[in-house]
Structures are given as C-alpha cells and as structure tokens.
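Okay, so here's the structure we're looking at.
The values are calculated or read from the model by the stated rules, or taken from the named source; none is laboratory data. Every value quoted in this text rests on a predicted model; they were computed, and no experiment measured them. For neighbour counting, all protein chains shown are included, and Cβ atoms are generated from backbone atoms with ideal geometry for every residue, glycine included. Accessible surface is based on the protein model in full, side chains and every heavy atom, while ligands, DNA and RNA are left aside. Shrake-Rupley method; radii C 1.70, N 1.55, O 1.52, S 1.80 Å.
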Amino acid sequence: MRSKPSILRLILGDQLNLKHSWFKLPNDDVVYVLMEVRQETDYTLHHIQKVAAFFAAMRSFADRLKELGHRVIYLHLDAPDNRQALAENIQYLIEQHAFSQFEYILPDEFRLDAQLRALAQTLPIKCHPVDSEHFSTERQDLADFFQGKKRYLMESFYRWMRKRHDILMDHGKPVGGKWNFDQKNRQTYDHKVPIPAPILFENDVSEIVDCIQKKGVKTLGEIQAHRLIWPVTRDQALELLDRFVTDVLPAFGTYQDAMLSTNWYLFHSRLSFALNSKMLDPLEVIQAAVKAWQAQNPPVAIQQIEGFVRQVLGWREYMRGIYWTLMPKLESSNYFSHTGDLPSFYWTGTTDMTCMQKTITQSLQYAYAHHIQRLMVTGNFALLAGIDPQAVDDWYLGIYIDAIQWVELPNTRAMSQFADGGQVATKPYVSSARYINAMSDYCKSCNYDWKKRYGTGSCPFNSLYWDFFNRHRELLQKNARIGMMYRTWDRMDSNQRKDILRQAHAYRNNLNTL
Ligand SMILES: Cc1cc2nc3c(=O)[nH]c(=O)nc-3n(C[C@H](O)[C@H](O)[C@H](O)COP(=O)(O)OP(=O)(O)OC[C@H]3O[C@@H](n4cnc5c(N)ncnc54)[C@H](O)[C@@H]3O)c2cc1C
Ligand code: SF4
C-alpha cells in the first residue's frame, strides 16, 4: 500500500521538462497533475494541430512519469470531474485529497503567472513556486542588462550571452574573429544544396482530435489525425534534433532568409515546438549543434553554427527577456494607432498574392511558417495595410504550432508590427515587393507584377509600402535609419506620388479582394 501523498505539483502543458529536478527521484509524498482544460483551448482560436500536439505531448509525458515511478493525476478534456479551469481543478483536488502543500513551476506567460499567484493567495495550504529550469536567463536579466537604455539591442545581449555561457568563444574572443556572420546568411535559394528530406512523425492523435471536436472546441487549420507530423515525446524531439544537426545545419545559416514556393521548411530546424513545450532544453540543443560543428563530419562552416546559436541563445532568450520587461504594456501597445481588420484571406489563404497565398496555406496545412515568411510576408503585409496589432497578435498566437505568448507577443507586436515604437526593432520591418522577389521565387508565378507600383496588376506591397511611410511621416522621419526613404519619396515626381497613393487607397479599401 502506498502512503497518502501530501504535496500536489502542477505541470502545465508547456512544462514538459523531463530533466527538471522535480523528477530526479520518485517521491510517494508527491502527486503531479496535468490537465487538459477549456481555459487553455479557448483563450484564443488555436490551430487544431497545436491543441492536438500539446495534448499528445502532455499525455506521453504523464505516461513517462508513471513509468519512472511518479504518481500522476491526468485530467482529460472530457473527464466528468474536470472543472475546465486551472484554479477550479486545483481547488477541487486539494479538497478531494486533502493535500497540505501546492507547488507549481513558474509559468512563462503573464496571464498564467498572475492567475497562479492569485490562486496561491487564496488557498488555505502552503504554496510554493519553483523555477522552470529551462532558460539560460532569469526573467529580469534583460531588464538589468539594459538598465537606463532606451533601446534593447539584441546584438549586445547576444554577445553577453555568448561570453556568459562560453559558447563559440576562444580565449574571450568570438570564434572566427567576428560575433556575427549575418552578411553571409542572406542568400536566396540557388538549388546548389539539395534540401534534406524532413522527419515527419506519424503520431496517431485521432482519439484526441475526436475528443476536441466532441467537446465543441473551435479550432482553425487542417490536420491528418492519424499522422501528426510534430514530435510529441522527448525521444522524437531528440530524433528531430539529431537529424537537424547532421543533415540540415551545414546549410542552415546560408538559406535562413530564403523562401521557396515548392517547399515549406527549407533548412529550418522545426524545433520550436519541442523547445517551447520544453521537451528539449535550449542549451542541449545548442551543445548538440556545437558538437556537430566541432566534429566537422559533415563540414559545418562558422556562419552556419553561429547563425543557429544566435537564434536559440540570442533571439529566443532575448524575446523572453523583452516579454518580461515590457509586459503588460506591450500587450496593448499600438504605436501607429492601426485599427484595420485582418483580411479574410488570413484564415483561408485565398488571395492572388502568391507570397501570401503560399505562406498562409502552408500555415493552415502544417501550423508552421519559417521566420522570414512570418516577418516579411504576413507580418509585413499586416503592418503596411494598417491592421490592428491585436488582430495580428491573435492570428499569430493561434496559427503556429510553437505559439506561446511569451515568444509570440514580442515577435509580433514589437518586432513585426513595431507597436512598441521601436524599443526592439530599430526601424519597422517593412519592404516593397523588391525584397520578396529577391529572397523568393514567389513573384515569378504571381498575378501581380512585382515591378509595378500602381495601375492594373501592380503589386500591393509596392504602393502600400510608400503609403505606409507617407501616412506615418510624423512618427518615422526623425529615425536616422529611415531618413533616406523620405528623401527618395520627396524626390519622386509628384504625379507619380499621387498615383501610388491613389493605388494604395484603392487596395486598402478593398483588402479582402486582393
Ligand atoms: C510575427 C512573428 C511571430 C512569431 N511567433 C513565434 C512564436 O509564437 N513562437 C516561436 O517559438 N517563435 C516565433 N517566432 C520566431 C520564429 O519565427 C520561430 O521561432 C521559428 O520560425 C520556428 O521555426 P524553426 O524551429 O524551424 O526555427 P529555426 O529557423 O530553425 O530556428 C531555430 C530556433 O531558434 C529560435 N528562434 C529563432 N528566431 C527566433 C525568434 N525571433 N524568437 C524566438 N526564438 C527564435 C526558435 O526556438 C527556433 O526553433 C515568430 C516570428 C515572427 C516574425
Ligand atoms: S508580386 Fe507582390 S504579391 Fe506577388 S508574390 Fe511578389 S511580392 Fe507577393
């Protein structure tokens, strides 16, 4: 007979960290609880693959804990005693089992952090939060690092992280003589390096999908319920990592910004879900990549490994720090006072703009788009078109497999929509068709002409681009990195300027028809 446990420990769906010190040894005094709740399925409209992948990963995590001898309560979405909210379930379990202590891992989301802190204050028993043991920085590290500064330059934070963790360092200097090889990492895909076949898992999540549908949870996007492609166990996540470092890393940096109409992943790792659910530890991911670079079998050039380290040790930790520094203000920031509705094609992919059609369609199909598609296609368009950043946020938070607010919000609001007024990005990430044409083959098969600024068939990105700068002149012209743009605009023939603005207004008034 096992003794009666006295401690209840909560594990959230994105806290599947098997390496956490909680799980070192089984302890009969402790019960872990994982729960599938409407509170989490309904706080935004999620992609069906995202909900199914989180539930499948939580279920296999719970099974693994049981195999290791831990005591686990798992509340399925359709369990009769599921109160469908974290606080209510915890209160109910405490009453039922007479626990004398409640412990939880600090959540990464502001919303859940506030909720659990409030709950802890009302519970009649001892409550104790612990660290997630996942990140390489504490919540407040970034704010401390940039204290007194107006802008939070990722590059200086990244260099500090490299030194602090001694990654790609040689006697205090960056390996290769430079901190950043970004210049070499902006190539268009030239078909010289074959794109490695991806690992696509075939996880059968049909039971989970049935349950989600029976419970009436509203979702977006498509799923092949018998063949969910995303990793849902640590073993699968490690397999994905292993395949990345051997097959993909050798060309990761070079084609990082490239886009291709016939391929949705190119040389990207697709590790974000495994990382954000914490099945993988970011330092173990970095170390695996560094080890492959050291072994040089196959050869990995410095710009490839540096590019990857910058994403995980730099951007990922930086975004987390930005989130905790700028929240809760960030959530409602709207520097340009944009109020437009998100065009309907964001939900269907039905548009004549090939770049948007390809990016949105693959997002609906795989719950995935890579960084440049998110930033320079869908994000770029939303900013140029003047869409309310709240609607843009909701879309990004729902559609991607890796979307959790701590990482989605700073990327969307701050980096992509410049809604924070430039604390993160030094200038808005906007471009005309020129950039999309240079970095992809999208324009070749598009109904619009990437070279035309106005008139029949002119690419919407072109007129909207100039219209954006014209509309926001007061807010932007003092920015030293943008001054050149205004000089070019002012030098343009006034009739041409009028034609461009007229075209932009026509497009902005009819976004749904583009
Ligand atoms: C508008 C917008 C919204 C985004 N929303 C999310 C989100 O909800 N969740 C999310 O994880 N990422 C988000 N990103 C960042 C980035 O696009 C994804 O991390 C990346 O596309 C995931 O695919 P991958 O694993 O193949 O990445 P790779 O290109 O292989 O990069 C490797 C890893 O680096 C990390 N990384 C790279 N860039 C960033 C970044 N800017 N911020 C944080 N981590 C980064 C990720 O963990 C990623 O798995 C967003 C970017 C933009 C522009
Ligand atoms: S022409 Fe314009 S709309 Fe078409 S793919 Fe190129 S950038 Fe996109």
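Here segment 230-258 is scanned for amide nitrogen atoms under 17 Å from the site 7 Å beyond the Cα of Q187 along Cα-to-Cβ, giving 247-258.
The residues W315, W466, sorted by heavy-atom accessible surface at 1.4 Å with ligands and nucleic acids left out, run W315, W466 from largest to smallest. Compared with the dominant Cα axis of the chain, that is its longest principal axis, helix 110-122 is turned about 30°. Using the Kirkwood radius over C-alpha pairs as Rh, can you work out the diffusion coefficient of segment 335-423 via Stokes-Einstein at 25 °C, viscosity 0.890 mPa s, in µm² per second? The Stokes-Einstein estimate is 191 µm²/s. A 1.4 Å probe over all protein chains sorts E284, E202 by accessible area into E202, E284, starting with the largest.
So how far, in whole Å, is the C-alpha centre of segment 237-284 from the one of segment 367-411? Centre-to-centre (Cα) distance: 19 Å. Partners of K444 within straight-line reach, counting lysines whose Cα lies under 18 Å from its Cα and excluding those fewer than 8 residues away in the same chain: K358, K452. Which is farthest toward the positive dipole end of the chain among I90, V30, Q140, measuring Cα position about the Cα centre, with Cβ charges +1 (Lys, Arg) and -1 (Asp, Glu)? In the chain, that residue is Q140.
Given +1 on the Cβ of Lys and Arg, -1 on the Cβ of Asp and Glu, and no further charges, what dipole in debye does segment 199-350 carry about its Cα centre, rounded to the nearest 20?
320 debye
Here the Kirkwood formula, the inverse mean of 1/r across different C-alpha pairs, assigns the chain a hydrodynamic radius of 24.4 Å.
Ordered from largest to smallest accessible area (heavy atoms of protein chains, 1.4 Å probe), the residues E138, E109, E474, E95 come out as E474, E95, E138, E109. Beta-bridge orientation, the chain: approximately 15 percent antiparallel, per DSSP, counting only bridges with both partners inside. Placing a pseudo-label 7 Å from each Cα along the Cα-to-Cβ vector at D78 and D352 gives an inter-label distance of 4.6 nm.
Normalised per residue, the accessible area of segment 60-113 is 42 Å², obtained with a 1.4 Å probe and no contribution from ligands, DNA or RNA. Excluding same-chain neighbours fewer than eight residues apart, the lysines reachable from K24 by a Cα-Cα span under 18 Å are K66, K278. Please list, by residue number, everything in segment 19-37 whose backbone N is under 14 Å from a paramagnetic label point 7 Å out along Cα→Cβ of L123. Backbone N within reach: 30-35.
Could you work out the mean projected area of the convex hull around the alpha carbons of segment 275-432, in square nanometres to one decimal?
10.3 nm²
For n ≥ 4 DSSP H runs only, could you compute -39500 (n - 2.57) per run for the chain, divide by its residues and tell me the 222 nm figure to the nearest 500?
Values: 23 runs with 213 residues, N = 514.
Estimated from H runs of four or more residues: -12000 deg cm²/dmol.
For segment 236-298, a simple Cβ point-charge model (Lys and Arg +1, Asp and Glu -1, everything else neutral) yields a dipole of about 40 debye relative to the Cα centre.
Against the longest alpha carbon principal axis of the chain, how many degrees, from 0 to 90 and to the nearest 10, is the axis of helix 86-97 turned? Helix 86-97 and the main axis of the chain meet at about 10 degrees. Rounded to the nearest 20, the size of the Cβ-charge dipole of the chain about its Cα centre is 1760 debye, with Lys and Arg at +1 and Asp and Glu at -1. Would you mind pulling out the separation of the Cα centroids of segment 66-109 and segment 149-213, in Å? The two parts, judged by their Cα centres, are 35 Å apart. Rolling a 1.4 Å probe over the protein heavy atoms gives segment 352-462 an accessible area of 27 Å² per residue. The residue among H46, Y152, H128 whose Cα reaches farthest toward the positive pole of the charge dipole of segment 40-177, with charges on the beta-carbon of Lys, Arg, Asp and Glu, is Y152. Here the accessible area is traced with a 1.4 Å probe on the protein chains. For segment 267-417, carbon and sulfur cover 51 percent of it. Here's the picture: charge each Lys and Arg Cβ at +1 and each Asp and Glu Cβ at -1 in the chain, and of Y400, H226, G177 the one pushed furthest to the positive end of that dipole is G177. I want to make sure I understand the PRE zone here: with the label point 7 angstrom from the Cα of K451 toward its beta carbon, which residues in segment 459-489 have backbone N atoms less than 20 Å away? Under 20 Å, as judged by backbone N against the label point of K451, lie 459-466 of segment 459-489. Between the Cα long axis of helix 354-366 and the first principal axis of the chain there is an angle of about 10°, rounded to the nearest 10. Where the accessible area of segment 53-166 is counted over protein heavy atoms with a 1.4 Å probe, how much of it, in %, is carbon and sulfur? Of the solvent-accessible surface of segment 53-166, carbon and sulfur hold 49 percent. Cut-off under 22 Å on the C-alpha distance; same-chain residues fewer than 8 positions from K214 excluded. Which lysines are left, in chain and number order? Cα-Cα hits under 22 Å: K50.
Where a ≥ b ≥ c are the square roots of the eigenvalues of the C-alpha gyration tensor, would you call segment 14-98 rounded, which needs a/c under 1.5, or, failing that, prolate if a/b is larger than b/c, or oblate? Before the final figure, lay out each step's value.
On the way: a/c = 2.26, a/b = 1.26, b/c = 1.80.
It comes out oblate by the Cα gyration axes.
When the surface is traced with a 1.4 Å probe over the full set of protein chains, Y92 keeps roughly 50 Å² accessible.
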